[in-house]
1. Considering only residues that are in a strand (DSSP E or B), surrounded by fewer than 22 Cβ atoms within 10 Å (Cβ to Cβ) and touching a helix residue (DSSP H, G or I) at 6+ places or on another chain (Cβ under 9 Å), which ones fall in the range C:33-62?
2. Exactly one condition in (1) in contact with a His (Cβ under 9 Å, 6 or more places away or on another chain); (2) outside any helix (DSSP H, G or I); (3) among the hydrophobic types (A, V, I, L, M, F, W, C); (4) in the same structural domain as C:MET246 (by TED's automatic domain parsing) is false for C:VAL84; which is it?
3. Considering only the range C:195-274, give the strands (runs of 3 or more DSSP E) lying wholly within it that have at least 2 residues that are closer than 18 Å to C:LEU151 by Cα.
4. Do we find that C:GLY188 is more than 22 Å from the chain's Cα centre (by Cα) and either part of a loop (DSSP other than H, G, I, E, B) or assigned by TED's automatic domain parsing to the domain that holds C:THR53 (or both) in this structure?
5. Of the residues that make up the range A:93-102, is at least one open to solvent by less than 30 Å² (accessible area, probe 1.4 Å), farther than 30 Å from C:PRO14 by Cβ and touching a Pro at 6+ places or on another chain (Cβ under 7 Å)?
6. So how many residues does the range A:248-259 have that are in contact (Cβ under 8 Å) with a residue 60 or more places away in the chain and open to solvent by 10 Å² or more (accessible area, probe 1.4 Å)?
7. Would you check which residues across the range A:135-151 are more than 7 Å from chain C (Cβ to nearest Cβ) and closer than 18 Å to A:CYS280 by Cβ and list them?
8. Residue under question is C:ILE127, and the condition is that it be among the hydrophobic types (A, V, I, L, M, F, W, C) and more than 13 Å from chain B (Cβ to nearest Cβ); does it hold?
Amino acid sequence: MTTSQTKVVERVDLGILIDLLADSGYDVIGPTKQDQTIVYRPISAIDDLPIGWTDVQDGGSYRLVRRDDSALFGYVVGPHSWKSYLFPPRSVLLTIENVDGELIFTPPDAPDRRYAFIGIRACELAAIAIQDRVFLGSGQVDTTYANNRAGLFTVGVNCAVAGGTCFCASMKTGPRCLAGYDLVLTEVLDESTHHFVFEAGSDAGGEVLHQLPGRDATEADFARVAAIVDDTAAHMGRSMDTRRVREDIYTNRDSAHWDRVAERCLSCANCTLVCPTCFCSTTEDTASLDAALGQRERRWDSCFTLDFSGLHGHPVRETPTARYRQWLTHKLATWQDQFDSIGCVGCGRCITWCPVGIDITHEVAAIRTRSEVPA
Amino acid sequence: MNLSVDLGRTELLAHLTDEEIAFLESVAIESEFAEGEVLFEEDSEATRFYIVISGKVGLELVSPRRRPIVIQTLGRGELVGLSWFFPPHTWSWRARALDPTRTLGFDAAAVRAKCVEDHNLSEQVLRIVAKQAVNRLHATRTQLLDLYEFPR
Amino acid sequence: MTVVLSTIEATAEPMLPRPFEVVATRRETADTVTLDFAATDGEGLQFSPGQFTMIYAFGVGEVPISVAGGSADDNVLTHTVRAVGAVTDAICSAEAGTQFGIRGPYGIGWPMDAAEGGDVVVVAGGIGLAPLRPVILRLLDNRARYGAVSLLYGTRSPDDLLYEEELRQWRGRFDIEVEVTVDRAADGWYGDIGLVTNLLTRIEYDPENVTAMVCGPEIMMKVVAREMGRAGTDPSSVYVSMERNMKCAVGFCGHCQYGPDFICRDGPVFTYAAVRDRMRVSEL
């Protein structure tokens, strides 16, 4: 099979990419505008993308507004992440037949589909790499995740705008897609042109790229791409200093600031639901009324619920202070012990979707302040 | 003295000097209590305190309306009786052997009198009594949490 | 670390139980029952002392329960279960013949090998004797490999004692010292009254050459480890068994995190040295 490593594709030809992937049997998922947000749903044409829209984000605030151009990817990330597809909010673990008291356990069949994610951002590729370590790379293999992950095709997008709550640059995950993509594109749009500079990241990507119409990319094209991502990196809405963050959090486990955050925290779990790396889940058991058929389902859980730490009818983490401390400590500190990486990619969703605007970058700075004071 | 136990090797008395051990030996007698036999009665004068060599002693609260309630049991190496050291030198609990029990009994009045003139000994004895009291306080506080019923 | 996808092999379903049938039940206390299970396919479950399984009650749910005994060769798996919720209620009220799903065993158990050659002090509180029962049986089966062996067992009241018949047998042996204490007792109790730590001073062991295996409420384990530490035992020779909410038992569900550790995978047995700092933090 012939492959191409780079290509410049005109706006009018981009729809071919979706057709190629769909024709190859992929379920093509991409950003769409729904309920005044941008969410990831099945798409069949370029027109399904949020053309000409952008998002204005800040702590506890998200608004879609019109751009003054027709950019296809002129926004950042919304409340959904791709984890909804790889690690779905609900999935069946088992069905249990009860034949006169005799139990027969059957796992669900592996789904007969492959996903193609179009428009995945650098921070989100980093998030998938992190969940890979959780579900595939630490001993046991999670069947649901592995099945959904198998054959995944990704078309990354180098961000041309930075969101108000973005901090991928300081987390070193973006705004340029670094790894894990089959194809990556940079949208180039001004009064005279609207095209996409593509690079292949895998053989599968190269094969698809070869079939797209366009010309080879030049030095000038790559210089334009570099200028775009540099400009994005320079306009991050937030930043986080990750040096020694683990040690600082452990040292400040009894900081009074945890209580101050908890006074505002509603324990609503929004931050964990929008987070592209949060992986906690619980199980739910049901049985048919005639007790002939049972089912075990897994669904997303959150360390912010009381139930999460329940032991013999009593929660271990009873106070919001303890629950917020657990979440932030896990994300930035214990995650490093568990999976050799930080659990945050700097996408900013937890800041945007927190109803009271609690900001992980501010809180971690406040919590570690004391340890920065010379003794 | 004809004690079957080497006092100096008793854990409780491990930090005492040879002279102090010799003194305690001079006021100690070894005695056996049959199961159910009383070492001392509640509110009685504290004339003798004990270290358990073997067996088991219960500290009991005598209730007019029911059989005695055992508050705590004491076994090998433990001190039976703390109140002897403090005025008015009367016992707060009844001590009763729950098993056949061998003890070393010490003349409380003699130890008190010696402590008045020997401040080093006084300090050592106070240390021993206080340590036992602290241990029992810690244990009692932990028991009050009712851990097994409400694990925490 | 990047996961190389091509090297991933989906092994056996980690969440798939096997059917087991209850073959015998024994009531231990008002709310606690010991059950013997047999795998319906005849293939017994191999475990190490201190490991646990996940038991699924049809339509109700799944709970982690320590293995309390059994033999894979004889296809017997013993669990002692205290009824504290819907699933454990269902297990405790099961009769012989009832089927459950069981998967496992999971976790790292007690240091049976590391303990060889020295004294062993087993300290249990309440239902905490259940995960230590296989330890005692193993110690007695291989008695010559260990020094002085003691079992210290504390419960709330004499009515809460597990395995009374076995306790009596063990008490009658000369190669294990057994001391039992309760928080409170009515008439007719001839054992000890007081905290389980009181018993530590009464038994023979070398504080510097001992392995302690402790299971009970966290505060009890902490107090035991502290007292042993004061007597000269290194915190890395004291082992405790931790417990947290658990849904998957294979490190995916996140519930059992205890600081950096997943109790299901990195525990449940830890050295006190490893968890001492964490045991000083509340609501962790």
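1. The first filter runs over the range C:33-62 and keeps only residues in a strand (DSSP E or B), leaving C:33-39, C:52-57, C:61-62.
Filter once more, keeping what is surrounded by fewer than 22 Cβ atoms within 10 Å (Cβ to Cβ): C:33-34, C:36, C:38-39, C:61.
Passing the criteria: C:VAL33, C:THR34, C:GLY61.
2. For C:VAL84, the exception is condition (4).
3. Details: elements: C:210-215, C:238-241, C:269-271.
Hits in the range C:195-274: C:210-215, C:238-241.
4. Numbers: more than 22 Å from the chain's Cα centre (by Cα): yes; either part of a loop (DSSP other than H, G, I, E, B) or assigned by TED's automatic domain parsing to the domain that holds C:THR53 (or both): yes.
Yes: the conditions hold for C:GLY188.
5. Within the range A:93-102, the first condition is being open to solvent by less than 30 Å² (accessible area, probe 1.4 Å), and the residues that meet it are A:93-94, A:96.
Remaining after also requiring farther than 30 Å from C:PRO14 by Cβ: none.
No: zero hits.
6. Residues flagged as in contact (Cβ under 8 Å) with a residue 60 or more places away in the chain and open to solvent by 10 Å² or more (accessible area, probe 1.4 Å) within the range A:248-259 amount to 7.
7. Selection gives A:THR144, A:TYR145, A:ASN148.
8. On the way: among the hydrophobic types (A, V, I, L, M, F, W, C): yes; more than 13 Å from chain B (Cβ to nearest Cβ): no.
No: the conditions fail for C:ILE127.
The values are calculated or read from the model by the stated rules, or taken from the named source; none is laboratory data. Since the model is a prediction, treat every value here as computed from it, not as a measurement. Here Cβ is always computed from backbone atoms with ideal geometry, including for glycine, and neighbour counts include all displayed protein chains. The protein model used for the area step is the full one, side chains on, heavy atoms only, and it has no ligands, DNA or RNA in it. Shrake-Rupley method; radii C 1.70, N 1.55, O 1.52, S 1.80 Å.
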